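> Take this structure first; my questions come after.
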Amino acid sequence: MDAHVVVLGSANLDVTLTVAHVPAAGETVLTPTAPLRAAGGKGLNQAIAAARTGGAQVTLVGAVGDDGDGRFLADRLSAAGVHPMLRLDRTRATGLALVLLEPGGENRIVVASGANLALDDITPAEAREVGVADVLLMPAETPVAGLVEAARAARANGTLVVLNAAPVPARVADLVPFVDVLVVNESEALAVLTLLAPDEAVGDLGAPPHEDAVAERLTGWFGTVVVTLGGRGVLWARPGEATHRVAAFDVPVVDTTGAGDTFCGALAAALATGVDAAAAIGRGVAASALAVQRPGASSAVPTRAEVDALLATRR
Ligand code: RIB
């Protein structure tokens with residue numbers, strides 16, 4: 001039977017505006033570049049990344065409004081080979097993300113959550129879907145109450161739970177009992193640690209806190225901690241081991257939007273197919289190195305063959 005990944009997370013219409021610089025307070029910035037409208041949202045991006053880069057069946061548990069944007073997102077998921085298990089929220093519009101993209105590929109994003117807010121619980125059918133998965137992958141753009149219910153259903157059925165704490169939920173402590181793998185960037189790692197251990201978070205970890213020390217400390221709560229470091233690659237840690245590092249590929253960066261999502265999706269698909277943590281993280285690094293060379297988020301996700309080809313250059 002095929003490996004099975006369930007992603008629980010947001011689906012947004014991304015509207016990307018390319019700007020020379022992001023506006024300062026009170027400033028208006030004009031851009032001659034046409035807006036790019038594309039399927040996005042951390043949940044949708046991660047589901048598409050898992051489907052395209054891995055050998056797993058993928059379901060996205062999400063929610064959209066009863067509108068054209070929602071139908072567009074469902075179509076994009078199906079076209080990418082993802083089973084869209086989407087609730088229809090008749091009271092809110094489909095999520096919308098405004099992405100400001102600067103030269104060099106850095107971005108600033110504002111999300112109007114809309115229908116994503118409907119995911120504050122889990123239906124019996126969604127719990128069953130989670131329970132038969134090999135891996136449950138959860139970014140954190142949807143309400144934490146729903147994440148906790150899904151993670152509990154996963155844990156009860158032996159499904160591996162991967163939490164991408166982006167953005168960091170204020171109630172991240174509620175998820176700790178159910179999470180096997182935590183994926184965060186540097187600032188999120190420190191934010192999670194501060195929420196879990198406010199008194200000891202920064203005190204003895206250096207100034208600024210040393211990234212290895214932060215990752216190691218987080219293994220007190222999570223079995224595997226993966227910290228993405230952008231152009232510096234990835235740092236990961238397990239309890240009782242020295243930290244490990246995977247170097248980034250040296251590639252030209254066009255757009256970093258969704259690069260972390262591509263990493264998470266590729267990682268989850270690899271874990272679901274039985275690949276060990278080190279190799280799964282390596283696949284994530286290669287997949288995101290390909291994604292940053294293209295515009296957009298889900299539209300930038302590479303294929304499995306492209307990831308294999310890039311990894312072969314390292315052997
Ligand atoms: O991680 C990138 C994503 O964040 C975008 O696609 C946008 O929708 C926001 O959710």
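> Sorting check: for 177-186, 3-12, which peptide has the highest mean count of neighbouring beta carbons within 10 Å, and how do the rest follow?
Highest to lowest by the protection proxy: 3-12, 177-186.
> Between Arg90 and Ala34, what is 0.36 nm times their sequence separation minus the Cα-Cα distance? Round to one decimal in nm.
Value of the extension gain: 17.1 nm.
> Now for a separate question. What is the distance in Å between the Cα centres of region 266-296 and region 125-176?
That distance is 20 Å.
> Next question. Might you report the magnitude of the Cβ-based charge dipole of region 33-96 about its Cα centre, with Lys and Arg at +1 and Asp and Glu at -1, to the nearest 20 debye?
100 debye
> Also, quick follow-up: Placing +1 at every Lys and Arg Cβ and -1 at every Asp and Glu Cβ, with all other atoms neutral, what dipole size does the chain have around its Cα centre, in debye to the nearest 20?
620 debye
> What value, in deg cm²/dmol to 500, does the helix sum -39500 (n - 2.57) over DSSP H runs of n ≥ 4 give at 222 nm once divided by the residues of the chain?
Roughly -10000 deg cm²/dmol at 222 nm, from the helical runs in the chain.
> What ranking do 158-166, 257-265 get when scored by the average of other Cβ atoms within 10 Å per residue, highest first?
My ranking of the peptides, most packed first, is 257-265, 158-166.
> Taking a virtual spin label 7 Å from the Cα of Leu17 along the C-beta vector, which residues in region 87-108 bring their backbone nitrogen under 19 Å of it?
Only 95-108 pass the distance filter.
> Jot down the per residue volume, in cubic angstrom and as a whole number, of the convex hull over the alpha-carbon atoms of region 3-119.
112 Å³
> Only helices at least 27 Å long along their own axis, judged from Cα atoms, and with Kyte-Doolittle mean hydropathy of 1.6 or greater: name those in the chain from DSSP H.
none
> While we're here: From the Cα gyration tensor of the chain, with a ≥ b ≥ c the square roots of its eigenvalues, which class applies: rounded if a/c is under 1.5, or else prolate if a/b is larger than b/c, or else oblate?
Judged from the Cα gyration tensor, the chain comes out rounded (a/c under 1.5).
> Also, quick follow-up: What order, most packed first, do the peptides 294-301, 38-45, 219-226 have when packing is the mean number of other Cβ atoms within 10 Å of each residue?
38-45, 294-301, 219-226
> How are the C-alpha pair distances of region 103-144 spread across 10 Å bins, as whole percents from the shortest bin up?
It works out to 21, 40, 24, 13, 2, in whole percents.
> Only Lys, Arg, Asp and Glu count, each charged at its Cβ (+1, +1, -1, -1), so figure out the dipole size of region 158-315 about its Cα centre, rounded to 20 debye.
For region 158-315, the charge dipole is close to 500 debye.
> Provide the percentage of antiparallel DSSP beta bridges, counting only those with both residues in the chain; round to the nearest 5.
Counting only bridges with both partners in the chain, antiparallel ones make up about 35 percent.
> Along the charge dipole of region 1-158, pointing to its positive end and built from +1/-1 on Cβ of Lys, Arg, Asp and Glu, which listed residue (Thr16, Thr91, Thr123) has its Cα farthest out?
Among Thr16, Thr91, Thr123, the one farthest towards the positive end of the dipole of region 1-158 is Thr123.
> Please work out whether region 115-220 counts as rounded, prolate or oblate from its C-alpha gyration tensor, where a ≥ b ≥ c are the square roots of the eigenvalues and a/c under 1.5 means rounded, while otherwise a/b larger than b/c means prolate and anything else oblate?
Because a/c hits 1.5 or more and a/b exceeds b/c, region 115-220 counts as prolate.
Read-outs throughout are calculated quantities, based only on the coordinates presented, and are distinct from any laboratory measurement. Computed from a predicted structure; not experimentally measured. Positions of Cβ are backbone-derived with ideal geometry, glycine not excepted, and every protein chain shown enters the neighbour counts.
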